[in-house]
Amino acid sequence: GALMHSILKLLQTELRPLSSAEIQSHIGVDVLNHPAMLENLKANPKILREPDGRWRWKSKYYLRNSDDLLALLRRSTEPIVASELYDAYKGIKADIESLLNEAPRQVIAIKNASSGKTLLMNYEPRLFIQVSEDIITKWNEIRVPDANDTHRFLVQHGLKSGSALLQASGNMFIRKRPKRQDQKKSKRVKLTNVHMEGTGIDLTKDLDLKNGKPSAFQN
């Protein structure tokens, strides 16, 4: 309920272990003397209880300081999304920035162009080699095929139109036209029986019953 939400919000804001007394001072509930609340705290997947009995927000990665952060990055075999670390402990953003600017370099950050997320990974000097300017110049001189040329080449060499590769090459330059909104249809009814004008028949009114027979003539 509302009390559990308040406790979760407190732990997520503080991002540090809190004793039951500290929770009581903020929320006003003595969780140790509230059996139902105590069981709910223990069972909540977003709450972790430390060995000393304190409570803390359960983040994806169990970290307490920059040493834990660096150890995690060093043993990780894949890059870690920076935003997934932000709720580990208070001040972790500053620690990440410090590690990125530390000399000698220990951590590097790469921004994923498609997702926009920043990826963190351990810096391995043996994986980075110095490339000569001559090689860099030659690399930059390599012409990358145009998307239209790529699509045309694939079609000319018999690649079927339903293949994923051909569709991917086509999507690079085919722009879909925006759908037009259908114009609102007029609800007005146009009178088409113009040849009956002047006959005394009111065509704008429903038929009236006169002497038991349908009639459109006005009295």
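The values are calculated or read from the model by the stated rules, or taken from the named source; none is laboratory data. Please read these numbers as outputs of a predicted model, since none were measured by experiment. Neighbour counts run over all protein chains shown; Cβ positions are idealised from the backbone, glycine included.
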>> What's the total number of residues in segment 55-89 that are in contact with a helix residue (DSSP H, G or I) (Cβ under 7 Å, 6 or more places away or on another chain), surrounded by 13 or more Cβ atoms within 10 Å (Cβ to Cβ) and not in a helix (DSSP H, G or I)?
In response: 8
> Considering only residues of segment 112-126 that are loosely packed, with under 11 Cβ neighbours inside 10 Å and either more than 26 Å from the chain's Cα centre (by Cα) or of a type in the set (D, E, K, R) (or both), which is farthest from Tyr86 (Cα to Cα)?
Replying inline: Arg126
> Is it the case that segment 10-19 has a residue that's part of a loop (DSSP other than H, G, I, E, B) and in contact (Cβ under 8 Å) with a residue 60 or more places away in the chain?
Replying inline: yes
> When only residues in segment 78-131 that are of a type in the set (Val, Ile, Thr) and without any contact (Cβ under 8 Å) to a residue 12 or more places away in the chain count, which is farthest from Leu48 (Cα to Cα)?
Replying inline: Val131
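Taking the stated definitions as given, is Asp134 modelled with pLDDT of 90 or more, within 27 Å of Arg64 (Cβ to Cβ) and out of contact with any Leu (no Cβ under 6 Å at 6 or more places or on another chain)? Before you say what the answer is, go through the steps one by one.
Details: modelled with pLDDT of 90 or more: yes; within 27 Å of Arg64 (Cβ to Cβ): no; out of contact with any Leu (no Cβ under 6 Å at 6 or more places or on another chain): yes.
For Asp134, the condition - modelled with pLDDT of 90 or more, within 27 Å of Arg64 (Cβ to Cβ) and out of contact with any Leu (no Cβ under 6 Å at 6 or more places or on another chain) - is not met.
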>> Any residue that is basic (Lys, Arg), out of contact with any Asp or Glu (no Cβ under 6 Å at 6 or more places or on another chain), surrounded by 10 or more Cβ atoms within 10 Å (Cβ to Cβ) and over 24 Å from Leu70 (Cβ atoms) - is there at least one of those in segment 100-111?
In response: no
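Can we say Leu72 is free of Cβ contacts under 8 Å to residues at least 24 places away in the same chain, under 28 Å from Met121 (Cβ atoms) and in contact with a strand residue (DSSP E or B) (Cβ under 6 Å, 6 or more places away or on another chain)? So that I can check it myself, show each step before the final result.
Values: free of Cβ contacts under 8 Å to residues at least 24 places away in the same chain: yes; under 28 Å from Met121 (Cβ atoms): yes; in contact with a strand residue (DSSP E or B) (Cβ under 6 Å, 6 or more places away or on another chain): no.
No.
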>> Could you check segment 109-123 and list, in sequence order, the residues that are under 20 Å from Asp95 (Cβ atoms) and assigned to a loop (DSSP other than H, G, I, E, B)?
In response: Lys117, Tyr123
